[in-house]
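Input: a single structure, listed below in structure tokens.
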């Protein structure tokens, strides 16, 4: 790994090796689960609308139902993460552009309402016009819900997150696409219509390309703050996520008619995406725990 | 002024937060660690005045970190005295003068204890003590990211948490570049130094400054403290304590200057402080741009997947 030679050897003092930063209170499985479910819901909503334009009713229904269910489940994980869950509604006291969590809360609340309306219309077969309008609006909130967590994590003092503020939103966008592809593959396998599998398989390839590119970009960085993406447990998880996603895309290629292949691919794509979220959380924790990341990053920025 | 909303110098933080022009002048702490004697009266006074709980009161926890058994600032320790035992820099006057010494004019007092040779050879050791506290930043990351509005700028220019609003999301915990604010276990909300907001409202100085027996913790209008601090720095430099430096006093630094700043006798990281912190929201416009691109990728990716012509061109169709 020649690029690591550009990182100067650590020679700095610390206060008894103690962390300078507080290690995040965000924990497993809540944060990774919320990130995964949010991006799944976001892209699934777009998938439902695109499927409606292409007249693929099975995918429309799957997109709407998955988008609604994932948004509700994600909101549950987010709320459970709070120190005072009963005060979740205080998120809606203000709207602050400087707080990605404030923006994200408004996006999440809008998106979960819209997807719930669209799903309810789809299930009951009533109020089709309102359901379609809600679904169309959720195709706007969906991509925002999928991408904003990149800013949520980057807008912190955590070196591995702040420094990766370009890669993280793209990583989550790719994760959104592979997660929605997984939902589409399951729906296609259930519907038994190979024509439903086509868009999902293509989505798997596109998503895996985006997600893999972002993961590769993180692993290829050479600055000290992003070292946890290259070394240690979080790096192993990130590499594992990249390989799992790539494998899922490869299986999707061959899942033209095989129900088993479609379900296998869906599992791999979802697993790879979720694993990537765990890797990002652990990389952040690692970079906050060791004061060398804070000190060296700030010294490098100064020179 | 609007150009400095996210970073850079800001003359009037309270006016920026919307207070009318007759708001009180911005106040702060100047903690001169060169006269700290490590008595921890500040820690005790803070806990007493603010009624800070200590769930581990029954446990005697010894950290092995010199006389520091507090460890770090946190949800129930809003002042933290650090103790560092180290070799005195050979070039420093501290290697030649004895503890708590006075110069010929009788007005140079330094608390760092010196032990060992008196001729400046290696072997002299010193004991640094420093009382750390929330920096009440001009550009406060915790305040910027708080999604509920629980964290607010006060009329005194300080930053406080409103406990009746905080829902414990812990975003502030990860946004503070100094690792100050934390969520309290069992309580679920975030807590930190308020600079004794209740005492300020009553015209009193904060409890820690009141209790400090050596005036290591000085409280007052921030402008005046900066002048005082510069004078003290000049005095120490003139006396040969070349390693003395101010920390957090510069409005041009990454946080727009701290409301609580310090005079240190070594690099900041020796005291557990970040050497050159920058408020995270300084890069926020760029972050939102990348999120916008990513959102576009999500929409475009799904649309592309449903574009059959694309599929046929790439791999000859799916069915």
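In region A:178-241, how does Rg compare with the Kirkwood Rh, expressed as the Rg/Rh ratio over alpha carbon atoms? Don't jump to the answer; show the numbers that get you there.
On the way: Rg = 15.9 Å, Rh = 13.3 Å.
Radius of gyration relative to Kirkwood radius: 1.20.
Calculate the length of the line joining the C-alpha centroid of region A:219-239 to that of region B:13-33, in whole Å. The two parts, judged by their Cα centres, are 42 Å apart.
Per residue of B:282-288, count partner chain C-beta atoms within 10 Å of its C-beta, then hand back the mean as an integer. List each step's numbers first, then the result.
On the way: counts 1, 6, 8, 1, 4, 13, 11.
For peptide B:282-288, the averaged partner shielding equals 6.
When peptides A:27-36, B:26-35, B:10-19, A:113-122 are ranked by their average number of other Cβ atoms within 10 Å per residue, the highest-first order is B:26-35, A:113-122, A:27-36, B:10-19. For the peptide B:145-156, the mean number of other protein chain Cβ atoms found within 10 angstrom of a residue's Cβ is 5.
Is there a simple number for the mean count of other chain Cβ atoms within 10 Å of the Cβ of residues in A:53-63, and what is it? Could the numbers behind the result be given before it?
Values: counts 2, 4, 0, 1, 0, 0, 1, 0, 0, 0, 1.
Across A:53-63, the average partner-chain Cβ count within 10 Å equals 1.
Relative intensity of region A:25-302 on a log10 scale, I(q)/I(0) at q = 0.06, 0.07, 0.08, 0.13 Å⁻¹, equals -0.18, -0.25, -0.32, -0.82, per a Debye sum over C-alpha point scatterers of equal strength in the absence of solvent. Distances between every pair of Cα atoms in region A:1-123, grouped in 10 Å steps from 0 to the bin holding the largest one, split as 12, 30, 24, 17, 12, 5, 1 percent. Residue order for B:174, A:234, fewest other beta carbons within 10 angstrom first, comes to A:234, B:174. Classify region B:35-85 from the C-alpha gyration tensor, please: rounded if a/c falls under 1.5, else prolate or oblate depending on whether a/b exceeds b/c. It comes out oblate by the Cα gyration axes.
So if the hydrodynamic radius of region B:9-278 is defined as the Kirkwood radius over C-alpha pairs, what does Stokes-Einstein give as its diffusion coefficient at 25 °C and 0.890 mPa s, in µm² per second? For these conditions, the coefficient is 127 µm²/s. Applying 1/(1 + (r/R0)^6) with r as the Cβ-Cβ distance of residue A:133 and residue B:293 and R0 = 35 angstrom yields a FRET efficiency of 0.80. Helix A:233-253 axis versus longest C-alpha principal axis of chain A: approximately 30°, rounded to the nearest ten.
Centre-to-centre separation between the Cα atoms of region B:187-256 and those of region A:249-303: 43 Å.
The Rg/Rh ratio of region B:194-267, with both radii computed over alpha carbons and Rh defined as the Kirkwood radius, is 1.00.
Could you calculate the FRET efficiency of residue A:126 with residue A:195 from 1/(1 + (r/R0)^6), where r is the beta carbon distance between them and R0 is 30 Å, rounded to 0.05? Could you put the intermediate results ahead of the total?
On the way: r = 27 Å, r/R0 = 0.91.
Using R0 = 30 Å, I get an efficiency of 0.65.
Going by neighbour counts of Cβ atoms within 10 Å, the residues B:132, B:182 line up, fewest first, as B:182, B:132. Across region A:23-124, the relative contact order, built from alpha-carbon pairs under 8 Å that are at least six residues apart, equals 29 percent.
Given the convex hull over the Cα atoms of the protein assembly as shown, what projected area results after averaging over all orientations, in nm²?
Working: hull surface 123.8 nm².
Averaging across all directions leaves 31.0 nm² for the Cα convex hull.
Annotation for residue B:21 and residue B:197: the two label points, set 7 Å from Cα along the Cα-Cβ direction, are 2.7 nm apart. Of the residues A:141, B:125, the one with the fewest other Cβ atoms within 10 Å heads the list, and the complete ranking is B:125, A:141.
Counting only DSSP beta bridges with both residues in the protein assembly as shown, the antiparallel share comes to about 85 percent.
Given a Förster distance of 41 angstrom, what is the FRET efficiency for residue A:80 paired with residue A:243, based on the Cβ-Cβ distance and rounded to 0.05? Please report the intermediate quantities before stating the final value.
Working: r = 31 Å, r/R0 = 0.75.
So the FRET efficiency works out to roughly 0.85.
For region B:155-214, the mean projected area of the C-alpha convex hull, equal to one quarter of the hull surface, is 5.6 nm².
Sorting the segments A:150-161, A:240-251 by their mean number of nearby beta carbons within 10 angstrom, highest to lowest, gives A:150-161, A:240-251.
If the chain between residue B:85 and residue B:234 were fully stretched, how many nm would it gain, using 0.36 nm times the residue separation less the Cα-Cα distance?
On the way: separation 149, 0.36 × 149 = 53.64 nm, distance 2.48 nm.
Here the answer is 51.2 nm.
Computed from the coordinates by the stated procedures, all read-outs in this text should not be read as laboratory data. Given the structure is predicted, the values throughout are model-derived calculations rather than measurements. Cβ: placed from backbone, ideal geometry, glycine included. Neighbour counts: every protein chain shown.
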